[in-house]
1. Write out, first by first residue and then by second, each pair whose Cβ atoms fall under 7 Å of each other, whose residues are 6+ apart or on separate chains, and whose first residue, in the range 230-259, is in a helix (DSSP H, G or I) while the second is among the aromatic types (Phe, Trp, Tyr).
2. Residue check: is Gly228 within 13 Å of ligand 2 (Cβ to nearest atom) and at positive phi?
3. Could you please find all residues in the range 147-185 being among the β-branched types (Val, Ile, Thr), surrounded by fewer than 16 Cβ atoms within 10 Å (Cβ to Cβ) and within 11 Å of ligand 1 (Cβ to nearest atom)?
4. Can you pull out the residues in the range 255-277 that are within 13 Å of ligand 1 (Cβ to nearest atom) and either out of contact with any Leu (no Cβ under 9 Å at 6 or more places or on another chain) or more than 25 Å from Met337 (Cβ to Cβ) (or both)?
5. Hey, can you tell me all the residues within the range 263-278 that are surrounded by fewer than 20 Cβ atoms within 10 Å (Cβ to Cβ) and among the small types (Gly, Ala, Ser)?
6. Out of (1) closer than 20 Å to Tyr182 by Cβ; (2) at pLDDT 95 or above, what's the single condition that is false for Pro116?
7. What number goes with the only condition from (1) at pLDDT below 95; (2) away from ligand 1 (no atom under 16 Å from the Cβ); (3) within 28 Å of Asp419 (Cα to Cα) that Arg324 does not pass?
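The values are calculated or read from the model by the stated rules, or taken from the named source; none is laboratory data. None of the values given here were measured: they were computed from a predicted structure. Positions of Cβ are backbone-derived with ideal geometry, glycine not excepted, and every protein chain shown enters the neighbour counts.
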Amino acid sequence: MKVLVIGKGGREHALVWKLAQSPRVKKVFCAPGNAGTAEDGINVPIEPHKIDDLVRFAKKEAIGLTVVGPEDPLALGVVDAFQKEGLRIFGPSREASQLESSKVFSKQLMRNADVPTAEFRVFDHPEPARNYVQTREYPVVVKADGLAAGKGVIVCSNKEDAIAAINRIMVREEFGQAAGRYIVIEKRLEGAELSILALVAGRSIVPLQPTQDHKAALDNDEGPNTGGMGAYCPAPLGTPELLATIDESVLVPTVHAMKRSRKPFRGVLYAGVMVTNQGPRVLEFNCRFGDPETQPLLMRLKTDLLHLLEAVVDDRLDEFPPERLEWDTRPAICVVMASEGYPGKYTKGRVIGGLDDAKQVPNVKVFHAGTKVENHMVVTDGGRVLGVTALGDTLSAAKRAAYQAVEKIHFQGAHYRRDIGDKAWRRS
Ligand code: AMP
Ligand code: GLY
């Protein structure tokens, strides 16, 4: 079978790499891909929002399964467009992907389905929102309704910050007009974050192993928020008891509520959970694999990913009870190497050296994110550049291997956190 992966980040490289290992997969295409997906698959120069071009390519190549990486094409209806043409595609419909693309939709669904989340109010006008924040206890979080590449969430420690956030989102429309039409204002939750990804088809839910992301740019969770500077799997914070609670109080009611509201969810449901003293609370839902969570997750998955994704697409996920999934018992860690300046402004086109040396480190896979080939050299082409991922007999062995490989790679201005995985030790 020929497979197409849509996207160009580290998550997509991990998907391409894993799918290429399936004995039933003949070719893996990636649109548009990066320098890493070009090694493990074949890049196709089509951007993820060019839905008609993607459909045309899938038809021409007789693609047997398309897998959507990022959220934007889902929100644009890529799944609906493929299905209309009778093409098999993994991911939720445009309507179902509102769980991620509209915070108002997802918060209201959680309220109606009794899913634990931070207390919140929705506003469609700046004036009442400004009045509301006068009366709140701080900190609060102000969120733009729509997709904003993770930047539309602003934590505010006082009234002035909250009013400034409301103005940025609704008046100055810094995240776009549509994304800022509504805002959600909620209580800031305290605790440790956990990423729970589950395969979902209709009413069947197969949770994958728990992972933990590192959102802050700098060590000790300092500095601005990023898309994620590293992840590890499994996360010991996700004890069997906690996972059972999340299954029961979050995944099942959410999936059932989606079905009841005629937006049955099919794809990966990603619950970003804050583990508070009062129990787990949902911070957000995503409708796709997490980045960088997918890199250590797929490094450990032994089951054929193609079989799993096909079971979702064909609505026979009940053939895969969670105990049928096979995992490498070894933990995995992914360390993201980022461009100078990321998550702010950064320059592209810096030559990356040492990739071949890094490959020699045992149990390591270097997933590419923002990279491309220029004049026969691999150069930086995004904020998050590489996700150096390693397996180890213990988490500390995995960490050692990952950083050993990181140290062999160099590009001007590279920065990375040195404490990926340390939260797991603080736990255990
Ligand atoms: P969201 O896009 O809603 O997931 O928010 C992105 C990130 O902001 C989350 O992963 C958290 O790190 C942080 N965040 C969002 N909502 C809250 C909240 N209510 N309390 C604390 N942190 C939050
Ligand atoms: N790592 C966070 C995300 O994928 O949204």
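1. Val255/Phe265; Met258/Phe265
2. Numbers: within 13 Å of ligand 2 (Cβ to nearest atom): yes; at positive phi: yes.
Answer is yes for this residue.
3. Quick first cut of the range 147-185, residues among the β-branched types (Val, Ile, Thr) only: 153-155, 163, 166, 169, 171, 183-185.
Subsequent filtering for residues that are surrounded by fewer than 16 Cβ atoms within 10 Å (Cβ to Cβ) retains 155, 171.
Answer for the range 147-185, where residues must be among the β-branched types (Val, Ile, Thr), surrounded by fewer than 16 Cβ atoms within 10 Å (Cβ to Cβ) and within 11 Å of ligand 1 (Cβ to nearest atom): just Val155.
4. Answer for the range 255-277, where residues must be within 13 Å of ligand 1 (Cβ to nearest atom) and either out of contact with any Leu (no Cβ under 9 Å at 6 or more places or on another chain) or more than 25 Å from Met337 (Cβ to Cβ) (or both): Ala271, Val273, Met274, Val275, Thr276.
5. Selection gives Gly272 alone.
6. (1)
7. In the conditions (1) at pLDDT below 95; (2) away from ligand 1 (no atom under 16 Å from the Cβ); (3) within 28 Å of Asp419 (Cα to Cα), Arg324 misses (3) alone.
For (1) among the aromatic types (Phe, Trp, Tyr); (2) under 19 Å from Glu100 (Cα atoms); (3) free of Cβ contacts under 8 Å to residues at least 24 places away in the same chain, each residue gets a yes or a no:
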| site | (1), (2), (3) |
| --- | --- |
| Leu199 | no, yes, no |
| Asn220 | no, no, no |
| Phe289 | yes, yes, no |
| Pro296 | no, no, no |
